[in-house]
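Only one structure is covered here, and it is reproduced in the block below.
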Amino acid sequence: MATIVGAITTSHVPAIGRAIVDGRQEEPYWKAFFEGYAGVRDWLARVKPDVAIVIYNDHGLNFFLDKMPTFAVGAADQYSNADEGWGLPVATPVKGDAALSWRLIEGLVAEDFDITTCQEMLVDHAFCIPLGLCWPGPEPAPVRTVPISINTVQHPLPSAARCFKLGRALGRAIEADPSDARVVIIGTGGLSHQLDGERAGFINKPFDLMCMDRLVAEPEALLHYSTRDLVRLAGSQGVELLMWIAARGALLGEVTRAHSQYHIPISNTAAGVLVLDNDRADGRRLVA
Amino acid sequence: MGDTPISEEIFGTTIFDGEQARKGYALNKMCFSLNDAANRAAFLADEAVYCARFNLTPQQVSAVRSHNVLQLIAAGGNAYYLAKLAGTLGLNMQDIGAQQTGVSVETFKARLLAAAH
């Protein structure tokens, strides 16, 4: 059966991609931020996933307002990036696993999630940059991927509780999968930030730190927030916290923190990364 | 929904809901088209001629002409699509943050840094 080794939740700001392309990781503005990912890569070297399920929000690359799915799941054997309009080079395509995607889709729909399935799906910076942070360099990430996009463009957005339940259903579908895949869940976005309006530049450090703490062992404490509450507390784009909540939902075992970092600012954003181990409820360690 | 009250109004924040999505459709469609490099070049060559392809409202035409983000939001623009317009115009997120909050870019950056404390 497939195994969920844990989750990585991380910011995905385009400026990170620009800094990588320009090789600015050692500059004072960026150094501390990028150093925070050494712990992520050490953890990946230990848990050795071969599948990454990436829960992210599309920013107007694959989806426009003509058709806006609340939850969309990729079902392809390869995913490509494309020009997003602000000058980042197009990222290298990454492998998918269409057969696994369809088994997960079967599981999600069986649990009453009315998702959109995508046999073609362009993946934007919110998908590509976290993979580049986890597996740096010109080669594509050495994992097969399944993209899951959650709408944060157009309200009404799915609630925190609904995103957590999506994660729960996803976790059950993975654990029931007959393959021997070792799966890491990657949730991307946040943390607090707002790009638009007179409140542009809004950052809420106490709220972010509270969320990063609660997500480890008591994620249910975050599920009463409405999406409007999340806009107020985390900023218009800080609602991307929903990706972190969905990713955490997929961890069904005993969850402990393996690594974390919180850094202000990256561009207009409070940047966070959190790595969670997922130990099976029966106590068997997944990591040797 | 739990014990946290739902906010009616959030200062300086326009929730991009169905009403905004309807109002801003043409403007956002124009911004979405700027994912394409040839379209960005056409826009920069003549903004008004390019926008005429998209049946913008007079308010949207005026907002694009102004390069003013608050006016673009008032005309139904969505932050994620407006980011493509900003990129086309060579403005980064600190530039548009400063513009919207009425401070210099340096002051805006200093505010971001101050949020760390």
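The values are calculated or read from the model by the stated rules, or taken from the named source; none is laboratory data. Just so you know, these numbers come straight off a predicted model, no measurement behind them. Every residue, glycine as well, gets a Cβ built from its backbone with ideal geometry; the counts of neighbours run over all protein chains shown. Heavy atoms of the whole protein, side chains included, go into the accessibility calculation; ligands, DNA and RNA do not. Shrake-Rupley method; radii C 1.70, N 1.55, O 1.52, S 1.80 Å.
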**Count of the stretch B:55-72 residues which are more than 12 Å from chain A (Cβ to nearest Cβ) and open to solvent by less than 40 Å² (accessible area, probe 1.4 Å)** = 4
**Item:** Among residues of the stretch B:6-46, those that are assigned to a helix (DSSP H, G or I), open to solvent by 80 Å² or more (accessible area, probe 1.4 Å) and out of contact with any Asp or Glu (no Cβ under 9 Å at 6 or more places or on another chain), counted
**Value:** 5
**Item:** Failed criterion for residue A:25 (all others in (1) touching a residue at least 40 places away in the same chain (Cβ under 8 Å); (2) open to solvent by 20 Å² or more (accessible area, probe 1.4 Å); (3) in contact with a helix residue (DSSP H, G or I) (Cβ under 6 Å, 6 or more places away or on another chain) hold)
**Value:** (1)
**Request:** At least 3 residues that are among the hydrophobic types (A, V, I, L, M, F, W, C) and out of contact with any Leu (no Cβ under 7 Å at 6 or more places or on another chain) in each: list the helices (runs of 4 or more DSSP H) lying fully within the stretch A:77-194 that qualify.
**Result:** A:98-110, A:125-134
**Message:** Looking at the stretch A:88-120 only, could you name the residues that are free of Cβ contacts under 8 Å to residues at least 24 places away in the same chain and within 14 Å of chain B (Cβ to nearest Cβ)?
**Reply:** A:90
**Item:** Selection count, the stretch B:87-101, where residues are facing another protein chain (nearest Cβ under 8 Å) and not polar (S, T, N, Q)
**Value:** 4
**Request:** Could you please find all residues in the stretch A:198-225 being crowded, with 16+ Cβ neighbours inside 10 Å, within 13 Å of residue A:164 (Cα to Cα) and either within 11 Å of another protein chain (Cβ to nearest Cβ) or over 19 Å from the mean Cα position of the chain (by Cα) (or both)?
**Result:** A:222, A:223, A:225
**Request:** Mind listing whichever residues of the stretch A:239-264 are farther than 10 Å from residue A:9 by Cβ, among the small types (Gly, Ala, Ser) and part of a strand (DSSP E or B)?
**Result:** A:258
**Message:** Quick check on residue A:76: is it within 26 Å of residue B:36 (Cβ to Cβ), more than 14 Å from chain B (Cβ to nearest Cβ) and modelled with pLDDT under 95?
**Reply:** no
**Item:** Failed condition for residue B:75, given (1) small (Gly, Ala, Ser); (2) open to solvent by 20 Å² or more (accessible area, probe 1.4 Å); (3) more than 10 Å from chain A (Cβ to nearest Cβ)
**Value:** (2)
